[in-house]
Each structure stands twice: as C-alpha cells, then as structure tokens.
Amino acid sequence: MKINNFNWKIGGPAGFGVMSSGLMFAKACSRAGLFIHDYSEYPSLIRGGHNTYQVYVSEKQVHSQRKIVDLLVALNEQSIIEHLDELVKGSGVICDSAKVLFDKKSLKKKGIMLFDVPFNKIAKEVGGDEIMRNTVTLGATMALTKHDFKYLEKIINDQFSDKDKSIASQNIKAARAGFDFIKENYNIDSFDFFLQAQNNKPQMVVTANDTIALGALNAGCKFYAAYPMTPASSILHTLAARGPKHGMVVRHAEDEISVINMAQGASTAGVRSMVATSGGGFALMMEGFSLAGITETALVVVEVMRSGPATGLPTWTDQGDLKFVLGAGHGEFDRVIFAPGDQEEAFYLTELAFNITEIIQSPVIVLSDKYISESHLSIPFFDTKKIGIDRGKILTETEAKKLGDKYKRYQLTKDGISPRALPGQEGVRIFLNSDEHDEMGYSEESIQNRLDQVAKRAKKIKAAGKLLPPAKLYGDKTAKITLVGWGSVKGPILDAMQNQDLKKKVNYVHFPMVAPLPANTKNILAKSKKIVLIETNSQAQFADVLRAGTGIEVDHKILRFDGRPFYQSELVKEINKI
Amino acid sequence: MKKPNDFNTTHEPTWCPGCGNFGLWGAFKQALAELDIPRHKIFGSYGIGCSSNGANFTKINVFHGLHGRPLPVAEGVKMANHDLTVIALGGDGDGFGEGGNHFMHACRANHDIAYFVHDNQIYGLTTGQTSPTSAKGIKSKSNPLGAIDRPVNPIALALSLGATFVARGFTGDIPHLAKLMKAAIKHKGFGFVDILQPCFTFNKHNTHQYFRERVYKLAGNDTSDFDKAQKLAREWDREDKIPLGIFFQNESEPVFHEQLPQLTKETLIKKKLPVNLKPDFQSYI
C-alpha cells in the first residue's frame with residue numbers, strides 16, 4: 001500500500017486541456033496538505049503535438065519530478081506509446097478504448113493495470129461537450145487514489161469562477177461521472193495508491209515565473225516592460241494581471257530593444273524597473289544592457305533560459321546561456337547574476353536583485369530556466385519582510401536642492417557609487433550619458449578621466465558585499481564526493497541525495513549566484529576530494545567559470561543538454577558510476 | 001521669464017561652423033524659454049549623432065542614450081513621471097533607420113511627449129553616409145554610385161501611423177521653428193516635428209540654398225483635415241515644394257498615460273513601494 005507517494009501524468013494533444021487539468025490535480029493535492037512538484041512538456045505549437053503534465057505528490061517536501069509513472073492518463077493513443085517505458089508493474093493507465101487501438105494485452109502482460117474509461121462519451125453525455133474529457137479523467141483519478149472528491153470539486157469551482165456558473169457545474173458533473181464510473185466498474189483497492197489529506201500550512205502552487213513576478217511586486221517594482229518570449233512570457237501575464245492593483249505599469253513594448261531602453265527611462269525617473277525575456281530576447285537587448293553599465297542605471301533583467309542557439313528548442317530547458325549572460329553587453333562593467341535554484345529562491349533573489357541594483361547602480365540579472373520557471377512547487381507563503389527595501393544612494397528633494405549646480409551624477413567617491421538625484425528634483429541637473437563622461441556627465445575623452453571613471457565603475461560591486469548570497473552546502477560536510485551545481489539543478493540533486501539507491505556518500509554545493517562567484521566559493525570547496533559538476537548544457541560552462549574564478553578544477557561532469565531536466569533516478573545512476 | 005541662454009551649459013557646441021544644428025538648438029532654447037517650464041521639470045532624451053551631442057550643451061535633465069533609442073527612453077520617463085515635460089531628440093538616421101520601429105509605435109501609442117528629428121538627409125557624425133531621408137541618386141561614402149532607395153517621407157509616415165501632431169520646420173527660420181516646437185511640446189499627445197537642417201560638411205545636395213528655394217510656410221490650412229494633410233505631405237515628392245508648419249493636429253485622441261487607471265491619481269514615482277501580497281499568495285493556493 002503506497003500512501004501519499006504518487007506520480008501522476010496526463011498526456012494528450014495541445015488543446016485537450018492537459019495543462020489546466022495538470023494544475024487542477026496539483027492543487028487538489030496541495031490543498032489536502034500534500035506536497036507537490038509538477039513538470040510539463042510541450043512542443044512549440046498551439047494545436048496538436050504531444051503535451052504532458054506530470055504531478056509528483058508526496059507526504060513531505062519534494063524538489064523534482066519522478067520518472068516512473070504510477071498512473072498515466074492517456075487522452076490519446078500516442079500518450080501510451082510515448083510513455084510505455086515509464087510504466088512498471090502496478091502502474092495504471094486511464095484510457096478510452098474507443099479511441100485507442102493499442103494492444104492492451106501487452107500492458108496487462110507487464111502487470112500494468114488498465115482502466116478503460118469512455119471519457120469522450122461520458123464528457124459528451126454528462127458535460128455536453130467532449131472538451132470535458134480531461135475533467136472526467138480527473139474524477140477517475142480521484143477515485144483510483146481514494147482521494148476526497150471535494151478537493152477536486154472546489155478547485156473546479158475556483159478554476160471557472162470568472163465564467164458562467166453552468167461551466168463549473170457541468171465540469172463537476174463530468175468529474176463526478178468519471179469518479180463514479182471507476183467506483184462502479186473497478187475494484188479501486190486493486191490499485192495500490194492512496195492519497196490522504198494531512199495537516200499542513202496553506203501552500204501556494206507556484207512556478208519560478210510566478211515567484212519572480214511576486215518578488216518584483218514585493219520589492220516595490222512599479223514598471224515592467226517585456227516582449228513575449230517563451231519561457232518568460234508568463235511573468236508578463238502575471239504582472240499584467242496583478243501589477244496594476246499594486247500601482248505597477250506593465251508595458252508590452254514593440255521589441256526587446258525598446259523594452260530595455262524604456263525600463264531605463266523609468267528607472268532614471270526613479271521607479272524600480274524590471275524586464276524579462278529568454279536568450280534570444282536578451283541578445284537583442286545587448287546594447288541597452290551595456291548602456292545601463294555606463295549610465296549606471298539600476299535595472300533588474302530576468303533571463304529565462306531555453307535551449308539555443310537561435311530559436312533552438314523554444315519550450316525546453318537548458319543552462320546554455322551562462323557564459324552569454326556573464327559576458328553580456330559590449331565593454332567592461334560589473335553585473336551581479338543570481339541563479340535561483342527553485343521557486344522559493346526565485347522570490348527572495350528577485351527581491352534582493354532590486355536592492356543590489358540600486359545599491360551598486362549597475363544591472364542585476366536573475367537567471368532562470370524553463371524547468372523551474374514553468375514547473376510548480378507547493379510552498380508556504382513567503383516572508384514579505386525578510387529582504388526589505390534599500391534604495392541605495394538616492395537623494396531626497398532637500399539633499400538635491402542643497403547640492404544644486406554642484407551636483408555630479410558621476411561623482412568620484414570612495415566606494416565608486418555616486419549620489420543619485422532624480423529628474424524633477426529642484427536645483428539639480430540630471431545628466432546620464434552613454435558616452436564616457438566626466439563627473440558631471442559631460443562627454444569627455446581625456447586619459448585621466450577615462451581611467452578615473454573605469455576605476456570608479458569597477459569599485460562599485462564591492463558595496464553589494466555581504467548582501468550577496470553565499471554558496472550553500474547541503475549534506476554531510478565530510479562526504480568524499482561533492483556535487484556542484486547552480487540554478488535549477490538543485491531540485492533533482494537534493495532528491496537524488498535522499499534516494500535509497502544512491503550508493504555513494506555525497507554532499508552538494510549550490511550556487512545561487514554565478515557572478516560574482518560567492519565569496520565563500522574557495523572555502524566551501526576546499527575539503528572536497530572529488531568535485532562533480534552537474535549542469536544542463538553540453539560544454540560544462542560552469543567548470544570554466546569556477547576555474548577562472550578560483551583555480552578549482554572539476555573532476556567529473558554530469559551533463560544533460562537534450563532539453564529535458566535531470567531526473568533524480570538518472571543522477572543516482574550516474575553518481576553511482578563514479 | 002527665462003531667456004534662451006539660460007539653457008546653455010558650461011560646454012560650447014562642437015558642431016561645424018554653419019551647421020543647421022545651431023539654428024535648431026537656438027529655436028529649441030527659445031521654445032523652452034517661452035514655455036516657461038521650470039528647468040528641472042524638463043527631460044530631454046537624446047539619441048546618438050551630431051544632433052544628440054546637443055545633450056552636452058542644453059541645460060535640462062538629459063539622458064544621452066543609444067543611437068536609435070531616444071523614444072523608448074522618453075516613453076519610460078513619461079510613464080514613470082508624467083509631471084515631467086519630456087522631449088525626444090535625434091537625427092534622421094537615428095529615428096527612421098536604427099529606431100524606425102520605435103517611431104512606428106510611438107506614433108500610435110500617443111505618449112504625451114514631443115519628438116524633434118534633426119533631419120539633415122545624411123549621416124554626419126559617421127562622416128557622410130546615405131541616410132533614410134537622402135534623396136534617390138545621392139552619392140555618398142556608403143553608396144558611391146548613388147542611393148538606390150527612395151527616401152522616407154517622415155511627414156507622410158507619421159500621418160499614416162496615427163501621429164496626433166505632425167509638423168515640419170526649417171533651421172533657416174528660427175522664430176517659425178521655435179513656434180512649431182512650442183506647439184509640439186504643448187500638444188496633448190505625440191508631437192512630431194521633422195526639422196530640415198542642412199549639413200554643410202557632408203550633404204552637398206540638401207543645402208541651405210536648396211531649402212530656401214523650395215520652402216514655404218503653410219498658412220490657413222485646416223490642421224484637422226487628415227486627407228488634406230496627407231496631400232500636403234506629398235508635395236515635396238510631387239511638386240518639389242516643401243511646406244513648413246503644422247500639417248495635422250488632433251487633440252481629441254487620449255494620451256497614453258491617461259489611459260492607465262493606476263496613473264489617474266498620482267504619478268508612478270509617487271507610489272508607495274511596499275504592497276500587500278497576501279491576497280495574491282492566497283490566490284495561488
């Protein structure tokens with residue numbers, strides 16, 4: 001009997017409601033006090049193709065998706081064929097045999113249980129439309145897992161709350177019919193999985209794109225500009241929907257070049273500003289990014305990576321942009337790059353990014369990827385007071401007036417950071433200049449001035465100092481093998497470390513920041529006997545970054561670059577081989 | 001009341017002797033002086049080029065940004081603080097070449113900003129290449145056999161894109177140009193002025209004399225008549241006559257920031273930073 005340890009997957013063509021049913025099931029579990037992690041795969045098209053959504057449900061906090069599927073909801077035949085190798089003895093498949101020609105006997109031979117639910121027919125008869133087939137399968141899932149139907153009923157009501165009431169009630173009817181069909185036609189106890197509600201704090205079911213948006217709002221970001229690009233677009237959707245009631249202006253601009261220039265205009269006027277895109281969009285922003293470097297404009301840039309080069313695999317995950325963002329923008333200037341490891345880190349690091357960018361008056365990047373930016377995790381509410389707001393050296397009206405004509409936007413100071421006046425403040429003239437400039441802002445090409453300004457800009461990052469996150473060690477300090485990773489590999493690694501098949505003693509050093517390298521990098525890796533880099537790109541880019549920054553060599557690399565995230569089971573296998 | 005010279009900085013202009021930019025700069029300062037807006041409330045967003053070197057010489061708040069990008073910066077400033085008077089300035093290469101996409105969308109967005117294009121039909125700062133407004137056949141360093149493309153018609157373009165204020169000025173008539181600039185700044189919406197500005201050093205075709213022989217001032221034209229404006233916009237192409245003045249103006253179109261409900265009570269810069277996210281968290285359960 002397997003209680004509260006369940007991996008569910010639904011597959012079907014785009015347009016079949018795979019994504020919405022996945023999220024509804026995730027919430028039906030999380031609302032019952034269970035922990036979830038979900039993961040979806042889809043091609044870059046609107047109709048057809050093959051979409052999947054999997055939800056792993058557990059009694060304790062989970063960090064990544066699972067390979068072996070306990071119950072597969074196959075909305076079409078392809079879903080069975082594609083995922084047959086993920087099914088094992090005891091797994092179940094919900095399908096509608098009226099639409100599936102697949103040889104069912106072979107499933108039974110493997111010990112896979114077949115639950116034949118005529119969901120197309122039921123949807124049409126009960127709900128009035130085949131489109132509700134996915135809802136019927138959700139009901140069937142609830143019955144098979146012995147999960148309380150009320151959680152599904154409530155989430156359906158919430159899901160359709162902005163639509164005509166009849167839509168929710170028809171969907172509930174469809175779900176109920178699926179639920180009843182299983183109960184009437186199958187012995188549910190033969191399916192060995194149970195989902196039971198447990199006591200827990202209320203949990204959000206959020207992606208890193210959600211938490212980046214929430215982090216920005218909590219930081220007091222009031223201007224967000226973007227041009228849609230997968231997998232960053234949902235930040236735009238979230239902020240467009242939620243931002244205005246928090247006083248935010250969201251602008252879908254004509255292109256990414258406009259986006260990054262516009263955000264700098266808003267920031268210059270004194271408003272906390274953010275932009276988000278993926279690699280291709282960020283490539284278009286390069287000159288504007290460099291502009292923020294020399295004009296010393298505060299700006300948070302979110303880059304949600306997908307597989308490149310160019311259009312690449314638009315809807316798949318990758319960490320291939322690391323060196324690109326490290327070197328982004330022509331010319332030399334410092335930037336801070338955060339790399340959140342999960343949905344929770346994404347909230348706090350985004351918030352922190354707003355403080356850092358205003359303190360050092362240089363752009364800060366939040367580097368995410370499709371994997372965490374589109375996967376949901378159940379997490380408790382965030383502590384909205386934890387980071388706080390620090391706007392750096394912004395002058396008040398009175399301070400500005402006092403300085404008057406003597407105000408220098410690029411004044412040479414001990415820490416390299418100059419007082420920042422805002423347009424509209426009386427007495428001062430704001431002069432931001434993309435030409436090399438003197439302290440006042442005037443274009444100036446003399447040798448001494450150039451040397452002074454370069455030195456000034458190079459000093460600034462030190463002011464971020466202790467506010468920057470350290471590298472973090474997970475697991476036993478004395479372990480012989482140290483896994484090293486940055487960003488989204490954190491989840492699968494943490495889960496792999498808990499896996500009972502893992503034969504080696506390992507610990508994990510996580511980098512939530514890739515530029516500058518955390519101050520404790522050398523120390524934390526000093527005792528490592530064998531360093532194993534785990535990264536989702538083909539060139540092991542972080543190995544070069546680590547070597548360049550510390551002289552430390554990576555001993556072994558586990559890389560994946562097929563657009564898919566690591567699975568803990570695969571990591572365990574690879575680590576055991578070392 | 002301010003005088004034009006109150007807008008001088010400590011830095012002297014670096015334009016060639018006789019450059020049309022002097023006239024443009026003079027007219028700009030005169031317009032600003034006459035408008036009598038406090039200097040700290042004026043924001044100039046400059047591109048890159050001879051035109052935009054004016055950032056160094058003009059005592060207003062300035063963002064001297066990138067080639068082709070003065071408009072997005074200006075729009076960002078305006079959305080963040082719509083109490084500021086925001087003016088974008090750049091050249092013809094900047095506005096109709098590198099920044100063409102921004103021009104298209106600025107016209108239709110109707111931000112309450114002015115946009116002054118120093119249109120000298122040549123690239124000056126890069127020492128004389130064909131610009132988007134160079135006449136067909138004009139020889140330059142980048143098209144030694146003569147320009148193949150026909151020139152952009154900025155007036156017709158702005159009209160077709162829905163700009164709500166479309167005018168053409170000439171640096172040979174500073175008082176008239178100052179008047180147009182003033183009207184563009186005062187205009188409620190996107191105030192576009194294409195400014196003919198001879199480049200004596202690199203443009204041997206569109207000289208001061210060339211313009212003198214062709215320009216005439218529009219008088220008594222109905223600026224609310226869009227169709228008439230479109231016809232006038234084609235006069236330079238068809239009849240070799242260059243009308244100066246306001247072609248079209250429409251103030252009934254709402255400006256961009258006034259259509260954002262969150263900006264009706266206060267500017268964005270005045271918003272309190274801390275927010276209550278509890279209901280948002282709740283909605284993710």
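The values are calculated or read from the model by the stated rules, or taken from the named source; none is laboratory data. All of these numbers come straight from a predicted model, not from anything done at the bench. FYI the Cβ positions are ideal-geometry reconstructions off the backbone, even for glycines, and counts take in every protein chain you see. Accessible surface is based on the protein model in full, side chains and every heavy atom, while ligands, DNA and RNA are left aside. Shrake-Rupley method; radii C 1.70, N 1.55, O 1.52, S 1.80 Å.
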Binned at 10 Å from zero, the C-alpha pair distances of the stretch A:41-95 give percents of 20, 49, 26, 4
In the stretch B:4-283 the DSSP beta bridges are antiparallel at a rate, in percent to nearest 5, of 20 percent
Across peptide B:255-265, what mean number of C-beta atoms from other chains lies inside 10 Å of a residue's C-beta?
2
Between B:Thr126 and A:Arg391, what FRET efficiency comes out of the Förster formula 1/(1 + (r/R0)^6) with R0 = 35 Å and r the beta carbon distance, rounded to 0.05?
0.35
Suppose the chain between B:Leu145 and B:Thr264 were pulled fully straight at 0.36 nm per residue; how much longer would it get relative to their current alpha carbon spacing?
37.3 nm
Students often check this: by mean Cβ neighbours within 10 Å, which of B:10-17, B:256-263, A:11-18 ranks highest, and how do the rest follow?
A:11-18, B:256-263, B:10-17
Two-decimal log10 I(q)/I(0) for the stretch A:472-577, as the Debye equation yields it once each C-alpha is a single scatterer, q = 0.10, 0.20, 0.22 Å⁻¹:
-0.24, -1.02, -1.26
At q = 0.06, 0.07, 0.10 Å⁻¹, base-10 log of I(q)/I(0) for the protein assembly as shown (Debye sum, equal scatterers on each alpha carbon)
-0.48, -0.63, -1.06
For the pairs A:Lys245/B:Lys278; A:Lys401/A:Lys459; A:Lys67/A:Lys472; A:Lys385/A:Lys456; A:Lys60/A:Lys504; A:Lys401/B:Lys59, note any where the Cα-Cα span goes beyond 21 Å.
A:Lys401/A:Lys459; A:Lys67/A:Lys472; A:Lys385/A:Lys456; A:Lys60/A:Lys504
If I build a Gaussian network model for chain B, linking alpha-carbon pairs within less than 10 angstrom, which residue out of B:Pro151, B:Pro198, B:Pro70 has the largest mean-square fluctuation?
B:Pro151
Cut-off 17 Å, label 7 Å out along Cα→Cβ of A:Lys530, residues of the stretch A:459-485 by amide N
A:476-485
Using a Förster radius of 22 Å, what is the FRET efficiency between A:Ser190 and A:Gln78 based on their Cβ-Cβ separation? Nearest 0.05, please.
0.25
In whole Å, what is the distance between the alpha-carbon centres of the stretch A:162-177 and the stretch B:12-30?
70 Å
Between the stretch A:86-151 and the stretch A:505-529, what is the C-alpha centre distance in whole Å?
47 Å
Multiply the residue gap between A:His330 and A:Glu436 by 0.36 nm, knock off their C-alpha separation, and tell me the result in nm, one decimal place.
36.8 nm
Computed on Cα atoms only, the convex hull of the stretch A:205-380 has an orientation-averaged projected area in nm² of 8.7 nm²
In nanometres, what is the gap between the two model label sites at B:Asn8 and A:Val454, each 7 Å from Cα along Cα-to-Cβ?
3.5 nm
The simple spin-label model distance between A:Arg47 and B:Asp222, using points 7 Å out along Cα→Cβ, in nm, is 4.8 nm
Length-normalised contact order for the stretch A:399-522 - Cα pairs under 8 Å, 6+ apart - percent:
21 percent
Protein accessible surface hidden between B and A, which excludes ligands and nucleic acids, total in Å², probe 1.4 Å
4900 Å²
Indicate, rounded to the nearest 5 percent, the antiparallel portion of the DSSP beta bridges found entirely in the protein assembly as shown.
30 percent
So what are the ³J(HN,Hα) numbers for the stretch A:465-481, from phi and the Karplus equation (6.51, -1.76, 1.60; θ = phi - 60°), rounded to whole Hz, Gly and Pro as x?
x, 5, 6, 6, x, x, 5, 10, 9, 10, x, 6, 4, 8, 4, 6, 10
P(r) of the stretch A:397-465 in 10 Å steps, Cα pairs, percent per bin?
22, 47, 29, 2
May I ask which of A:Lys408/B:Lys3; A:Lys527/A:Lys577; B:Lys217/B:Lys241 have a Cα-Cα span longer than 19 Å here?
A:Lys408/B:Lys3; A:Lys527/A:Lys577
Between A:Asp562 and B:Asn101, what's the calculated FRET efficiency when r is the beta-carbon distance and R0 is 30 Å? Round to 0.05.
0.25
Would you kindly derive the ³J(HN,Hα) couplings of the stretch A:76-93 from the backbone phi angles with the Karplus curve 6.51 cos²θ - 1.76 cosθ + 1.60 (θ = phi - 60°), listing them in order in whole Hz, with x for Gly and Pro?
9, 5, 4, 4, 6, 4, 5, 10, 4, 6, 9, 9, 10, 4, x, 5, x, 10
Cross-link reach list, aspartates and glutamates versus A:Lys406, counting only Cα pairs under 15 Å and skipping chain neighbours closer than eight places
A:Glu397, A:Glu426, A:Asp438, A:Glu439
Checking the cross-link filter: which lysines have an alpha carbon closer than 18 Å to that of A:Lys121, excluding same-chain neighbours under 8 positions apart?
A:Lys99, A:Lys173, A:Lys183
Quick check: residue separation of A:Thr478 and A:Ser166 times 0.36 nm, minus the Cα distance between them. What number comes out in nm?
106.2 nm
How big is the Rg/Rh ratio for the stretch A:284-354, C-alpha atoms only, Rh by Kirkwood, two decimals?
0.98
Karplus 3J(HN,Hα) series, Hz, for the stretch A:410-424 with 6.51 cos²θ - 1.76 cosθ + 1.60 (x for Gly, Pro)
10, 4, 6, 10, 4, 8, x, 9, 9, x, 10, 8, 10, x, x
Cα Rg, Dmax, the stretch A:1-103, angstrom units:
13.5, 40
Express in whole angstrom the spacing between the alpha-carbon centres of the stretch B:129-172 and the stretch B:252-270.
34 Å
The correct pair for the stretch B:4-283, radius of gyration to one decimal and Dmax as a whole number, both in Å and from Cα atoms, is 19.2, 71
Here the alpha-carbon Rg of the stretch A:134-203 over 2.2 N^0.38 Å rounds to 1.18
